[in-house]
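Quick notes on the structure that follows.
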Amino acid sequence: MEHMWTREIFWNVGADKKIVVYCLAVIALGFFSYGIYRRYFLWRKVSRNKGRISFDALGKRVRSLIIDGLFQRRLLREYYPGLMHAFILWGFFVLFLGTLTIALQEDITSPLMGVSFLKGYFYLLYKLTLNIAGLLAMAGILMALVRRYIIRPDRLSRSAEQGVILIWILIILVTGFMLEGLRIYSLKNSWEVWSIGGWIVSEILSRLNAQDFSVLYLHKVLWWAHLIISFGFLAYIPFSRLIHLVTSPANIFINAPTSQAVLSPIVNFDASGSFGVSTVKDFTPRQIFDFDACTQCGRCQDNCPAYISEKPLSPKKVIEELKARWLETGELMKEGNGVEGKRGGENDGLLDEDVIWSCTLCMACAESCPVYISSFEKIMELRRSLVLMKSTFFPEIATFFRDVETFGDTFGRGRAFREDWAIGIDVKKISDGNQADILYWVGCQGTFHDRNNLIAGTLAQLFKAAGADFGILGKEEYCCGDPMRRIGNEYLFQKTAQRNIELLGRLNFNKIVTYCPHCFNTLKNEYPQFGAHFDVIHYTEFLRDLIRAGNLKITKNMEKRVAYHDPCYLARANDIYNVPREILKSIPGMRLVEPERAKRKTFCCGAGGGHMWMREIPGKKMNEVRVKEIMNGQPEIITTSCPYCLIMFEDGVKSLGLEGIKCLDVCEIIRDAL
Amino acid sequence: MKVIVFVKQIKYVYAQTGIDPKQNFIGPDDIVHIMNPLDELALEETLRVKEKHRDTEIVVISLGDGFAEDGLRKCLSMGADRAIHIYDADYGKLDAWMTAMVLAYSIRNQEFKLIFCGRRAIDDNGGLVGPYIAEILRIPHVSRVVKLEIDGGRSKVLVHRAVERGNREVMECTVPALFTIEKGINIPRYPTLPGILRAQKQVIQRMEIRDLELPLKSFGPALNLTETISLSNPKPKKRSGGLADATVSASDRLRLMMGGGDTETKGDSTLVEGSTDNVLSEIERVFRESGILPE
């Protein structure tokens, strides 16, 4: 009986109808290609810039495409929506491969070589696989319908299109199973139980005692309906949000190797040039492609500290609004009209300024995006335009820029006071004739802030206790440039960076150890853009090495509940989250409590992106939101390894009236445990 | 309409970390070169005039050594049209009168409507150069201007002048005239990047003092009318310290120390106590009653 295990491909319809099917397929593919072609115009032509998609780091791109695209790694970080989407994707992926297999047999192997391989055990396996795939996809669709219309999470925007798409897919799947069921019912082969879905339908039909004639008739009608609906679906892809079937994987491929921790530099400072983005046309084609890869899943919004703190910013809306401007502008350009969309005019910003200034550049949006879209990158471009072209920003930012220009530090205190934090510690200074193994980069916060300079001192004392050969720049140290760059003053940043690179290149040292994660990220990841490659480590890594090597011996017990907060620029930007935990765990008796958002998912303290020097944008206080979240674990000590975070938490603890909660830097805990 | 702005690049002493008492403990790291902030306000006010009267040409002039060029460059980046640097290698030795002579003679033959400068330079706090220039040029001047309006015919200027205790004097003045600008008049802009880049390429016209045809046979610090003998820090104010008396609570002692001692509040002043919100609303009430804030 084994040879019987197969099916006639055009059963009940007639193989002579093949030509009609292929005509329909050509029409559907025609619509599909036309849609993509139209889109291609919008992707490439709206931008004034000639961007090329680079193909370096090909391995990484392909790897991300497989892991994040096919295996849905980033989506599956959230179970319900992740599985929901993965079921649909995997289901359809397998069904698509199944259809290709049939086409392979019917159009190539069978007519050319006379080989039909869809029979026997292979056919049964094939049927089982496809049925499971179809059922998975159906489960995914039902989950999606439940989520969209019953659970209704805040982050999903409502539009009829999404409902239409879901129902459409559901109809394709249901008619598919019904067709199979009708065929099984009329052929009555017991081995077709392997086609689970079809078998269930045929069982229902036999309960209903359906008439053979009407079954055959219904099958014929449904067969054509299924075909037309499926081809219609293919044609609909480029005209709906389904275009993400094309754009999202492409975007993963394009953006996967881009480091979020590094902002793109402005390379040519030309007086007649335009800097940043003031109209949609200023975006690069790659950035515009981002808009089209977005499916408005809302993960960025769920993870955005500004949105959670009820500030006017939602990273999802940023992309949504810019996408609308882009499409509007593109359509106008197609009509041969040079003008831009409603809000795209030169004098009318693309986004409200409050939205642009609410961002703390914490990178949570880019981290959470399943398809590597960076919302903050777009905000950064708009900031650059505001700062460099229009010079419109809060007056306190102007003061801040002046302070850095005049005094070389973010506090406007001046180089005369640069060494004051080290009074009484006796630290060596690295200069032209004086070298050391480690250059200890203190940073403006460690140098000037009344709380953080104590930590800078503690660190120096720990280094001394461990016998490290280290020195500081002293009065020659200068702001690293991070806040200026992240506020949008790329020019001032590059001037600062060049000054520092010139100085550091002249001196003799092996490694730079920084106190502040922002300096760390800038020196390590951003200075290479200007040809300076230094060996930079964060002090937590250095302390870990010293403890491992036995140069620092932890002797005391600390029976304390400690919550460690991950600074964005350490955990998210540089993947350093296990190191500080390892240090803290090396202290006997210490109980580490993890905040809900930890490691790469950490939450901004509220001071990033220049907000240390900016007024509070209306909404909740971000530091209080975070402190409350950390306090859910009921720690006695909140610890972190970033000067900004520490100040923000000390303020938050005070303003929330939490008594007895201490905010300490990791190195202070180490000092107490020695 | 040509408008002249005189700016001064000053050595701003922000710290005294030196060791030499003869230098007033001012070390080499304690000085930064900045543009006199009040001159920056004067330039900003001119730029605002230009926004209203598009045909305005702004000429900035600075007397000084090499550093003066940095200040002029900044003025250009903010939006000034032309810059003139009157070079003085011995910068800092001329007194207010001689400085005013040089500056006045640099524009004596030019057609200008308005002259602006800061009310004083924050290094020597003289406040004399502006009025002297007006005197030499025989034009009217108004000092400490905090608000300025030019009438439609451009023949008169209406100015508000700061006088003591927050009072204002409203004056009208014919042009050409000189105005010295007091702080509070505006918030100076931060230059745009195209502005900065443009200014880097612009040529700063350089003049020597000897080219100015001063009505003097010789020239130099020897002709100064005044001479600075010495500079010193203010003597620390005497304050009655905190009470050692243990009967006073710690918070009271702290308040006494911060308030400058155990002194009674003067005359009809009011002491406001309580939470921050209370204090603020009380201050607001007092301000409204006294007419500082509108009712």
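If R0 equals 60 Å, the separation of the Cβ atoms of B:ARG198 and A:SER110 corresponds to a calculated FRET efficiency of about 0.25.
How much accessible area is lost when chains A and B come together, counting both sides, with a 1.4 Å probe, in Å² rounded to the nearest 100? Accessible area lost upon association: around 1800 Å². Judged by a Cβ-Cβ distance under 4.7 Å, the unpaired cysteines of chain A are A:CYS23, A:CYS294, A:CYS297, A:CYS304, A:CYS359, A:CYS369, A:CYS444, A:CYS479, A:CYS663, A:CYS667. Counting only the Cα atoms, the range A:548-673 fills a convex hull of 107 Å³ per residue. To put it simply, the accessible area of the range A:548-673 at a 1.4 Å probe is 45 percent carbon and sulfur.
Greater than 23 Å separation of Cα atoms is the criterion. Which listed pairs, B:LYS22/B:LYS93; A:LYS601/A:LYS621; A:LYS464/A:LYS511; A:LYS50/A:LYS316, meet it?
Details: B:LYS22/B:LYS93 18 Å; A:LYS601/A:LYS621 19 Å; A:LYS464/A:LYS511 16 Å; A:LYS50/A:LYS316 26 Å.
In this structure, A:LYS50/A:LYS316 lie more than 23 Å apart at Cα.
Over chain B, the ratio between the Cα radius of gyration and 2.2 N^0.38 Å evaluates to 1.23. Solvent-accessible surface of the range B:2-223, taken per residue with a 1.4 Å probe and all protein chains present: 48 Å². Whole Å is fine, so just give me how far the alpha carbon centre of the range A:462-490 lies from that of the range B:77-155. Spelled out, the Cα-based centre of one part sits 43 Å from the other. If the Kirkwood radius is taken over C-alpha pairs of the range A:491-601, then at 37 °C and 0.692 mPa s the Stokes-Einstein diffusion coefficient equals 208 µm²/s. Highest mean packing comes first when the peptides A:509-516, A:422-429 are listed by Cβ atoms within 10 Å, giving A:509-516, A:422-429. A straight line joining the Cα centroids of the range A:278-324 and the range A:372-405 runs 18 Å. On the range A:58-252, 75 percent of the accessible area sits on carbon and sulfur atoms, based on a 1.4 Å probe. Annotation for A:ASP154 and A:VAL62: the two label points, set 7 Å from Cα along the Cα-Cβ direction, are 4.3 nm apart.
Bridging of B:LYS74 to aspartates and glutamates at a Cα separation below 14 Å is possible for A:GLU405, B:ASP39, B:GLU40, B:GLU44, once same-chain residues fewer than 8 apart are set aside.
If you plug the beta carbon distance of B:LYS147 and A:THR406 into 1/(1 + (r/R0)^6) with R0 = 22 Å, you get a FRET efficiency near 0.20.
Taking the Cβ of A:PHE448 as the center, what net charge do the other residues with Cβ under 14 Å away carry, scoring Lys and Arg +1 and Asp and Glu -1?
Working: positive: A:ARG413, A:ARG415, A:ARG418, A:ARG451, A:LYS475; negative: A:ASP403, A:ASP409, A:GLU419, A:ASP420, A:ASP450, A:GLU477.
Charge balance in the 14 Å sphere: -1.
Annotation for B:THR226 and A:SER274: the two label points, set 7 Å from Cα along the Cα-Cβ direction, are 5.3 nm apart.
Taking 7 Å steps out from each Cα toward its Cβ at A:GLU502 and B:GLU164 produces label points 5.1 nm apart. Ignoring aspartates and glutamates fewer than eight residues from A:LYS127 along the same chain, the ones with Cα atoms less than 16 angstrom from its Cα are A:GLU2, A:GLU8, A:GLU180, A:GLU192. Per residue, chain A exposes 43 Å² of solvent-accessible protein surface, assessed with a 1.4 angstrom probe and all protein chains in place. Given +1 at the Cβ of Lys and Arg, -1 at the Cβ of Asp and Glu and no other charges, the dipole of the protein assembly as shown around its Cα centre is 2000 debye to the nearest 20.
Calculated [222 nm] ellipticity per residue, helices only, for the protein assembly as shown: -13500 deg cm²/dmol; basis is -39500 (n - 2.57) per DSSP H run with n ≥ 4, divided by all residues, nearest 500. Residues of the range A:267-311 whose accessible area (probe 1.4 Å, heavy atoms of protein chains only) drops by at least 20 Å² once all protein chains are present, relative to their chain alone: A:PHE269, A:ALA271, A:PHE275. Checking buried surface per residue: for the range B:1-33, which residues lose a minimum of 50 Å² accessible area in the protein assembly relative to the chain alone (1.4 Å probe)? Those residues are B:TYR14, B:ASP29. The accessible-area loss of the range A:383-411 on complex formation, taken against its chain alone with a 1.4 Å probe, reaches 20 Å² or more at A:LEU388, A:MET389, A:SER391, A:PRO395, A:ARG402, A:GLU405, A:THR406, A:PHE407. Antiparallel beta bridges, as assigned by DSSP with both residues in chain A, represent about 5 percent of the total such bridges.
Just to confirm the filter: which trypsin sites (Lys or Arg not before Pro) across the range A:598-637 are DSSP coil and have at most 11 other Cβ within 10 angstrom of their Cβ?
Details: sites: A:LYS599, A:ARG600, A:LYS601, A:ARG615, A:LYS620, A:LYS621, A:ARG626, A:LYS628; in loops: A:ARG615, A:LYS620, A:LYS621.
Passing both the DSSP loop test and the Cβ count: A:ARG615.
Legend: calculated FRET efficiency, A:LEU245 to A:ALA532, from the Cβ-Cβ distance at R0 = 51 Å, rounded to 0.05, equals 0.75. Relative to the compact-globule estimate of 2.2 N^0.38 Å, the Cα radius of gyration of the protein assembly as shown comes out at 1.22. The apolar share of the surface of the range A:258-390, taken as the fraction of accessible area on carbon and sulfur atoms (1.4 Å probe, ligands and nucleic acids excluded), comes to 51 percent.
Residues with beta-carbon under 15 Å from that of A:ASN578, excluding A:ASN578: net charge, scoring Lys, Arg +1 and Asp, Glu -1?
On the way: positive: A:ARG544, A:ARG548, A:ARG572, A:ARG581, A:LYS585, A:LYS599, A:ARG600, A:LYS601; negative: A:GLU541, A:ASP545, A:ASP566, A:ASP575, A:GLU582, A:GLU594.
Local net charge: +2.
The protection proxy used here, the mean number of other Cβ atoms lying within 10 Å of each residue, ranks peptides A:237-243, A:81-87, A:380-386 as follows, highest first: A:380-386, A:81-87, A:237-243. State the Cα centre-to-centre distance between the range A:602-674 and the range A:93-145 in whole Å. Value for the Cα centre distance between the two parts: 56 Å.
The values are calculated or read from the model by the stated rules, or taken from the named source; none is laboratory data. Nothing here was measured: the structure is a model prediction, and the numbers come from that model. Neighbour counts are summed over all protein chains in view; Cβ atoms, including those assigned to glycine, are modelled from backbone coordinates with ideal geometry. These accessible areas exclude ligands, DNA and RNA; they are computed on the full protein's heavy atoms, side chains included. Shrake-Rupley method; radii C 1.70, N 1.55, O 1.52, S 1.80 Å.
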